[in-house]
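**Q** A single structure is presented below for examination.
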Amino acid sequence: MVNRLALAALAFLLPLVALGAVSAQAPSEVERQIAQGEALFEAGNFDAALAEFDSAYALLEGDPTRYYLLWNIGQCHERLFHYDRALAYYQRYLDEGGPGAEDRATVEATMRALDGLLARVEVSANVEGASIWVDGHEVDVVPATIRVPGGTHRVEVRAEGHTAEVREIQLAARGTLRIEIVLHVVSDFEGLEPWLFWTSGGVALVSALVGAGVGIAALVDSSNVTARDRQTRSEEDRVRSAGLALGADVLYGVAGLFATTALVLAFLTDWDDGPPRGPTATLLPVIGADGFGLALGGTW
């Protein structure tokens, strides 16, 4: 590992100085990151070493010799038991290095050994192109066969507009497991428009006010009748009195109906785009042993 890192640092430095592929500060930064990664690797801090090598690899974008770092990155993943990712980086090392990649035979032998530590998971879903995530990392899209180290893993399938589905799996190395995922469409219902609530509440309020007025008129007319001789009351007076009482009852019923509707709509309304919340008043129906009425409620 140490000899390969030293060789990688030298191989990077000479082309960079000769070709001017990066800025004057870049070679020293690359050297620092490679040296830091080497020290962290030797100390057993493979996560931190991986970060240094990843950063150095990104810094050398466009340089033909940066493929050396893919071996180092693969070594870190192998020490972290990420055999599938290690195998992928070793393959990239061979692909980017081409026929002249150093120690090709050694790398290929390492890949064959790692392949024996991997299992295969065949993932399919009812949504074409849904993404596959394994242990928090996006790895492919369905349908696909993914390779994971033997053991326990968390496989998740995601697709836009659908609920994500998760499977906890456990399988041995060299084993094969098939998973069929059914994703469900997420409802795009985000709530009703606020104007429906305000309209229903307004109708309830107006109906209650008008009903109160008609009810008062009916009470006044009834009190006047008791003071007169009922025998001399005309048919027209009796019809008017009954009509006022009936009208008040109907208006109270309408007010109660719309107040109840407004109450239900309050829970179904998307208030994010509605008017700012402030003091509100709502008429609610009240049914008791002695009859039917309305109650005023609100928030402040």
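**Q** Taking segment 64-81 as the region of interest, how many residues are out of contact with any helix residue (DSSP H, G or I) (no Cβ under 6 Å at 6 or more places or on another chain) and surrounded by fewer than 21 Cβ atoms within 10 Å (Cβ to Cβ)?
**A** 2
**Q** So which residues in segment 166-180 are under 26 Å from residue 81 (Cβ atoms) and assigned to a strand (DSSP E or B)?
**A** Of everything in segment 166-180, those that are under 26 Å from residue 81 (Cβ atoms) and assigned to a strand (DSSP E or B) turn out to be 166, 167, 168, 169, 170, 171, 176, 177, 178, 179.
**Q** Right, another one. Those residues that are of a type in the set (Gly, Ala, Ser) and outside any loop (DSSP other than H, G, I, E, B), I need them from segment 137-154; list them, please.
**A** 144, 151
Bear in mind that the values in this text are calculations on the coordinates, not laboratory data. Fair warning: this is a prediction, and the values are worked out from it, not measured in the lab. Don't worry about glycine lacking a Cβ; one is built from the backbone with ideal geometry, like all the others, and counts go over all protein chains shown.
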